[in-house]
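Participant: Before anything else, here's the structure in question.
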């Protein structure tokens, strides 16, 4: 039996060590590497994680090392899944946080901690994948652009996505959407289906001011 000392000067029994026996590219993700320990697949890591941990073939590792690597592996997978979800369309920071919390409770086998959620959000924000300013502008520019939507409803939807009222107001000024323009779009689409009173009631339920709804319907007539 050989005795070694690690960086903390504690004694390690080399008979209890494991050996990194192979590093192979992951089949379905070119950015991940499959790690084999003692000739068996153990876990996968991002290429950047392999570099950070300085993992290489023939390396001797402890049980504690393996536990740390596996935790990093789970985090890498969680980050990748969240990134893919974020890239399907622009998301707010609150939406991403809610997505991760849902994963935490629906998929306990992922072993997601609050620290993991915070770290994923932080990394996505740092890399520019999450940006509430850009998200707000995008949302206001594209939400029901052809169908029309009241500013009140836009504000409520964005508030539910974690966007501050100040940020919404600034984006509205830059984009230039107004209730006067939006109500005309809706009236043009709904006029044939409703009489005046029902159309006015519908517009009010959509968040438009009653007087604006009434005058706009009468002007359209």
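The values are calculated or read from the model by the stated rules, or taken from the named source; none is laboratory data. Note that the structure is a prediction, hence the values are computed from the model and not measured. Every residue, glycine among them, receives a Cβ derived from its backbone with ideal geometry; neighbour counts consider all protein chains shown.
Residues checked against (1) assigned by TED's automatic domain parsing to the domain that holds residue 149; (2) within 17 Å of residue 149 (Cβ to Cβ); (3) surrounded by 12 or more Cβ atoms within 10 Å (Cβ to Cβ):
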| position | (1), (2), (3) |
| --- | --- |
| 178 | yes, yes, no |
| 184 | yes, yes, yes |
| 190 | yes, yes, yes |
| 193 | yes, no, no |
| 204 | yes, yes, yes |
| 207 | yes, yes, yes |
| 214 | yes, no, yes |
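Participant: Condition first: surrounded by fewer than 11 Cβ atoms within 10 Å (Cβ to Cβ) and closer than 19 Å to residue 75 by Cα. Now tell me which residues in region 28-47 satisfy that.
Facilitator: 28, 30
Participant: For region 156-215, how many residues meet the condition of being farther than 16 Å from residue 142 by Cβ and assigned to a helix (DSSP H, G or I)?
Facilitator: The total comes to 37.
Participant: Among the listed residues 89, 97, which satisfies the condition of being under 10 Å from the mean Cα position of the chain (by Cα), over 20 Å from residue 31 (Cα atoms) and loosely packed, with under 15 Cβ neighbours inside 10 Å?
Facilitator: Numbers: 97 fails: loosely packed, with under 15 Cβ neighbours inside 10 Å.
Among 89, 97, only 89 is under 10 Å from the mean Cα position of the chain (by Cα), over 20 Å from residue 31 (Cα atoms) and loosely packed, with under 15 Cβ neighbours inside 10 Å.
Participant: Test of understanding: among 104, 155, 118, which residue is surrounded by 15 or more Cβ atoms within 10 Å (Cβ to Cβ) and at pLDDT 95 or above?
Facilitator: Values: 104 fails: at pLDDT 95 or above; 118 fails: surrounded by 15 or more Cβ atoms within 10 Å (Cβ to Cβ).
Matching residue, one of 104, 155, 118: 155.
Participant: Give the residues of region 16-37 that are part of a strand (DSSP E or B), without any contact (Cβ under 8 Å) to a residue 24 or more places away in the chain and over 15 Å from residue 70 (Cβ atoms), sorted by residue number. Break it down stepwise before answering.
Facilitator: Going through region 16-37, the residues part of a strand (DSSP E or B) turn out to be 18-25, 32-37.
Still in the running and without any contact (Cβ under 8 Å) to a residue 24 or more places away in the chain: 24-25, 33-34, 36.
Across region 16-37, the qualifying residues are 24, 25.
Participant: Now, a different point. Give, as residue ranges, the helices (runs of 4 or more DSSP H) completely inside region 41-110 that count at least 1 residues that are in the same structural domain as residue 24 (by TED's automatic domain parsing) and in contact with a strand residue (DSSP E or B) (Cβ under 7 Å, 6 or more places away or on another chain).
Facilitator: Values: elements: 47-53, 63-87, 93-106.
Because the criterion is at least 1 residues that are in the same structural domain as residue 24 (by TED's automatic domain parsing) and in contact with a strand residue (DSSP E or B) (Cβ under 7 Å, 6 or more places away or on another chain), the helices (runs of 4 or more DSSP H) in region 41-110 that meet it are 47-53, 63-87.
Participant: A further question follows. Restricting to region 111-128, name every residue that is within 18 Å of residue 162 (Cα to Cα) and in a helix (DSSP H, G or I). Can you show your working first?
Facilitator: Of the residues in region 111-128, the ones within 18 Å of residue 162 (Cα to Cα) are 117-118, 120-122, 124-125, 128.
Correct list: 117, 118, 120, 121, 122, 124, 125.
Participant: Can you pull out the residues in region 129-154 that are part of a helix (DSSP H, G or I) and either closer than 12 Å to residue 177 by Cα or touching a strand residue (DSSP E or B) at 6+ places or on another chain (Cβ under 6 Å) (or both)?
Facilitator: Taking region 129-154 first, the residues part of a helix (DSSP H, G or I) are 132-142, 151-154.
Those that are part of a helix (DSSP H, G or I) and either closer than 12 Å to residue 177 by Cα or touching a strand residue (DSSP E or B) at 6+ places or on another chain (Cβ under 6 Å) (or both): 137, 139, 140, 141, 142, 151, 152, 154.
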